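Asks: For reference, the structure I am asking about is given below.
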Amino acid sequence: MVDQNLINSLGITDEEVNKHLKEALPNGGDSEDLVETVKQASERFQVGSILTGRIVSVVGNDVYVEVGLKSEGVVDLSEFSDPAEAQVGKEIQVFLEAVESDSSLVVLSKRKADRIRMWEHIIATKKEGDVVEGTVTRKIKGGLLVDIGVPAFLPASQVDVRRPFDIGEFVGQKIEAKILKIDQGARNIIISRRKLIEERRAEAKERIFSEIEVGQLRKGIVKNIADFGVFVDLGGVDGLIHITDMSWGQINHPSEMVELGQEIEAVVLSVDKEKEKIALGLKQKTPSPWEGIEERYPVGSRVRGTVTNIVPYGAFVRLEEGVEGLVHVSEMSWTKRINHPSEIVNVGDEVDVVVLSIDKEKHEISLGIKQTEVNPWALVKEKYPPGTVITGRVRNLTNYGAFIQIEEGIDGLLHVSDMSWTSKITHPGEMLKKGDEIQCVVLSVDEEKNRIALGLKQLTEDPWLKQIPEHYIPGQIVKGKVTKITNFGVFVELEEGLEGLLHISELADHKVDKPEEIVKVGSEIEVKILRVDSEERKIGLSLKRAQWAAEDGLTGKDASSPQTQVRRRGGLGADSGLLGAMQSKPILSITQLKDSSETAQDNTTDTKKTESSDQQEKTLDETARAEKAEEDTTQPIEQSEPETKSTVDEDEQKTDEDASQQD
């Protein structure tokens with residue numbers, strides 16, 4: 001509706017109004033043209049269209065823009081990438097979001113207009129596969145948002161060749177990427193930085209492998225540091241500097257020489273084009289200090305060095321820059337028992353060492369500290385010749401013997417076989433304990449192996465040479481105690497430390513299957529000595545023969561006669577034990593120790609004589625059994641037939657075999 005009152009108040013006639021309209025409108029204000037003009041204006045000012053406006057004022061964070069509507073539009077200052085761009089009079093493009101808001105203002109957006117124009121620009125100028133540049137704005141679920149004029153999505157898997165631990169570290173960085181996909185309908189763009197890197201590296205790799213040669217000097221950036229070496233980016237290809245090629249000297253970790261991102265120059269050591277591997281070296285930039293090493297450090301020479309590192313098995317000593325040798329823990333002291341090298345040296349100590357060996361190919365030098373002093377073992381043989389009686393302390397016990405400390409750092413081994421002449425020692429703990437002070441005899445000295453053999457039993461004469469064969473004669477009747485029962489016989493203790501074997505066939509006249517049916521452990525019995533073997537250190541016994549002799553004594557001999565008393569000497573029935581009496585004998589001299597083998601040979605002759613006496617004894621026993629058998633023929637009770645001589649010999653042989661198995 002036209003407000004006539006308002007028109008009248010203006011004081012303008014109708015003719016003047018028509019005149020102004022003709023001047024303002026094309027074609028003189030033709031009605032059809034006027035309709036078209038109004039139509040175009042209505043389409044131009046539809047919501048969602050982009051308008052060109054002029055900044056008329058800036059009030060706080062509000063930028064007022066005149067776009068040709070009845071009221072001005074407002075744009076938030078934050079939509080300007082640079083607030084200084086919001087200057088009065090400047091023309092800008094804006095997006096029409098609403099013709100009239102609650103505050104009667106036109107709602108405009110510069111950011112949306114910029115994105116629409118940029119999207120149109122990208123669609124017009126870019127396609128899939130093209131390279132774009134942008135700034136990473138923020139981290140979102142699954143990747144990064146990159147501003148390339150419009151927001152583009154960079155998936156986490158496409159950020160780098162190796163996925164970073166935290167892709168958020170790229171926020172704020174400018175990057176280049178390749179367009180993977182453009183979705184015009186959804187207005188989405190997916191980009192890949194990884195694909196661009198891989199393509200560029202492939203080109204660089206091809207170029208590098210066509211140019212690189214062994215011996216060249218190449219610059220690169222330290223890309224990764226591992227325990228075994230350093231990876232260097234040569235510009236599209238990675239080369240490896242192994243830790244052994246970083247320094248002529250000893251280093252514990254590559255980080256001691258380089259750091260991430262550092263630019264270094266290295267020598268090309270090898271190139272494998274098929275496997276695309278390049279080996280680099282740092283130490284090869286300088287001459288090897290191992291050239292002429294034998295002339296500078298001849299074996300046996302004494303030099304001075306600095307301890308650089310200590311490990312459980314030894315200490316490394318630097319002789320000069322790039323040349324280090326190892327002092328093994330076993331080469332640190334002649335006498336001290338070293339558990340760890342730190343007991344002798346510390347890192348930074350200057351020490352004197354002797355060159356023991358050089359391996360030029362492996363770059364290894366073996367050094368020794370103890371060789372700078374006199375070897376005390378070289379004096380041991382003179383100080384403790386075989387036959388010397390020493391006093392020492394039991395330092396350690398093992399299954400096979402005891403180590404006796406003779407002096408500081410000098411130990412001797414007392415083997416279990418050298419502890420007793422008569423007792424079978426299975427473990428040294430049966431006789432000794434740690435800390436005991438004992439006397440021993442030096443048996444031998446091995447200067448090369450640093451060993452001393454000691455003996456305890458050699459303090460007294462071997463009773464099996466003379467005393468036992470003389471005291472225990474075949475044919476004797478002796479008393480003993482049953483100590484052990486086996487399936488082949490019984491062991492009988494004749495006196496402390498001395499046992500004999502009573503074979504199962506010598507228990508009774510009849511066949512015995514279970515020895516425990518005849519004797520019990522701990523019971524005292526009288527047995528007859530069959531044989532004494534000094535070489536094998538065995539005594540064979542018989543119970544049934546002792547019983548025969550007892551029966552013969554009751555029928556035809558006086559048990560109290562001098563002959564009977566002589567036959568019963570020794571054993572538990574004697575006044576004093578043989579081995580106990582030996583303790584009071586003097587210690588063997590060196591000459592006696594050396595002549596012990598000759599004494600053993602002489603004793604062999606005595607043994608043969610004893611065996612002859614035993615044979616006579618057997619003959620008497622057989623005659624007695626034969627007579628006894630004739631008398632028993634008139635008795636109603638059946639008796640066993642007397643054994644023949646061959647049977648007796650077989651029994652003695654069986655006794656020896658079973659005793660050997662037991663020992």
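Asks: What are the ³J(HN,Hα) couplings of region 107-120, residue after residue, when phi is run through the Karplus curve with 6.51, -1.76, 1.60 and θ = phi - 60°? Round to Hz, x for glycine and proline.
Replies: So the J values, rounded to whole Hz, are 8, 10, 9, 6, 4, 5, 5, 4, 5, 5, 5, 5, 4, 4.
Asks: Would you please report the Å³ per residue occupied by the convex hull of the alpha carbon atoms in region 181-244?
Replies: 104
Asks: Sticking with this structure for a sec: Taking the Cα centroid of region 296-343 and of region 238-270, what is the distance between the two, rounded to the nearest whole Å?
Replies: What the calculation gives is 26 Å, centre to centre.
Asks: Averaged per residue, what accessible surface does region 382-457 expose to a 1.4 Å probe, in Å²?
Replies: Using a 1.4 Å probe on heavy atoms only, each residue of region 382-457 averages 52 Å².
Asks: Quick check: from the Cα gyration tensor, does region 457-506 come out rounded (a/c under 1.5), prolate or oblate?
Replies: prolate
Asks: Name the long-range amide H neighbours of Tyr297: under 5 Å, sequence gap of 5 or more, or other chain; modelled H, no Pro or chain starts.
Replies: none
Asks: For q values of 0.14, 0.17, 0.20 Å⁻¹, compute log₁₀ I(q)/I(0) with the Debye formula on a Cα-only model of region 255-412, without solvent.
Replies: Debye curve over Cα of region 255-412, log10 I(q)/I(0) at q = 0.14, 0.17, 0.20 Å⁻¹: -0.88, -1.09, -1.24.
Asks: Counting pairs of alpha carbon atoms under 8 Å apart in space and at least six apart in sequence, what relative contact order in percent does region 66-185 give?
Replies: Averaging sequence separation for qualifying contacts and normalising by length gives 20 percent for region 66-185.
Asks: In square nanometres, what is the average projected area of the Cα convex hull of region 430-474?
Replies: It is 5.3 nm².
Asks: Roughly speaking, what is the centre-to-centre gap between region 344-375 and region 200-221 when only Cα atoms are used, to the nearest Å?
Replies: Region 344-375 and region 200-221 have Cα centres spaced 43 Å from each other.
Asks: What is the set of long-range amide H partners of Glu324 at a cut-off below 5 Å, with H atoms built 1.01 Å from backbone N?
Replies: Those lying under 5 Å, H to H, from Glu324 are Leu319.
Asks: With the alpha-carbon atoms as the only input, what is the per residue convex hull volume for region 251-326 in Å³?
Replies: Each residue corresponds to 168 Å³ of Cα convex hull volume.
Asks: For region 123-228, count all C-alpha to C-alpha pairs, find those more than 24 Å apart, and express that count as a whole percent of the total.
Replies: Within region 123-228, distances greater than 24 Å cover 36 percent of Cα pairs.
Asks: Only Lys, Arg, Asp and Glu count, each charged at its Cβ (+1, +1, -1, -1), so figure out the dipole size of region 372-504 about its Cα centre, rounded to 20 debye.
Replies: That gives region 372-504 a dipole magnitude of about 420 debye.
Asks: For region 44-167, count the residues as N, evaluate 2.2 N^0.38 Å, and divide the Cα radius of gyration by that value, please.
Replies: 1.31
Asks: Here's a follow-up. Identify the trypsin sites (Lys or Arg not before Pro) of region 408-510 meeting these criteria: DSSP loop state and at most 16 other C-beta atoms within 10 Å of the C-beta.
Replies: Filter output for region 408-510: Lys424, Lys433, Lys434, Lys449, Lys466.
Asks: Within 10 Å of each candidate Cβ there may be at most 15 other Cβ atoms; applying that plus a DSSP loop requirement, which chymotrypsin sites (Phe, Trp or Tyr not before Pro) in region 104-193 survive?
Replies: Of the chymotrypsin sites (Phe, Trp or Tyr not before Pro), the ones in loops of region 104-193 whose Cβ has at most 15 other Cβ atoms within 10 Å are Phe165.
Asks: Please report Rg (one decimal) and Dmax (integer) in Å for the Cα set of region 379-450.
Replies: For region 379-450, the Cα radius of gyration and maximum Cα-Cα distance read 12.0, 35 Å.
Asks: Continuing with this model, one more query. Hand me the trypsin sites (Lys or Arg not before Pro) from region 358-414 located in a DSSP loop with no more than 13 other Cβ atoms within 10 Å, in residue order please.
Replies: For trypsin sites (Lys or Arg not before Pro) across region 358-414 that sit outside H, G, I, E and B with at most 13 neighbouring Cβ atoms in 10 Å, the list reads Lys360, Lys362.
Asks: Continuing with the same structure: Evaluate the charge dipole of region 420-492 about its Cα centre and quote only its size in Debye, nearest 20, assuming +1 on the Cβ of each Lys and Arg and -1 on the Cβ of each Asp and Glu.
Replies: The calculation lands at about 480 debye.
Asks: Okay, next question. How big is the dipole moment of region 224-269 about its Cα centre under a simple scheme where the beta carbon of each Lys and Arg is +1, that of each Asp and Glu is -1, and everything else is neutral? Debye, nearest 20, please.
Replies: Here region 224-269 has a charge dipole of around 100 debye.
Asks: For region 343-471, report the translational diffusion coefficient in µm²/s to the nearest whole number, using Stokes-Einstein at 20 °C, 1.002 mPa s, and a Kirkwood Rh over Cα pairs.
Replies: So the translational diffusion coefficient is about 123 µm²/s.
Asks: Of Tyr64, Tyr400, which has the most accessible area with a 1.4 Å probe, and how do the rest follow in descending order?
Replies: My answer, sorted largest first, is Tyr400, Tyr64.
Asks: Among Ala279, His242, Ile190, whose Cα sits farthest toward the positive end of the charge dipole of region 121-279 (+1 at Cβ of Lys/Arg, -1 at Cβ of Asp/Glu, about the Cα centre)?
Replies: The listed residue farthest towards the positive side: Ile190.
The values are calculated or read from the model by the stated rules, or taken from the named source; none is laboratory data. Note that this is a predicted model, so its numbers are computed, not measured. Cβ atoms come from the backbone with ideal geometry, glycine included; neighbour counts cover every protein chain shown. Note: accessible area is taken over every heavy atom of the protein model, side chains too, but ligands, DNA and RNA are not part of it. Shrake-Rupley method; radii C 1.70, N 1.55, O 1.52, S 1.80 Å.
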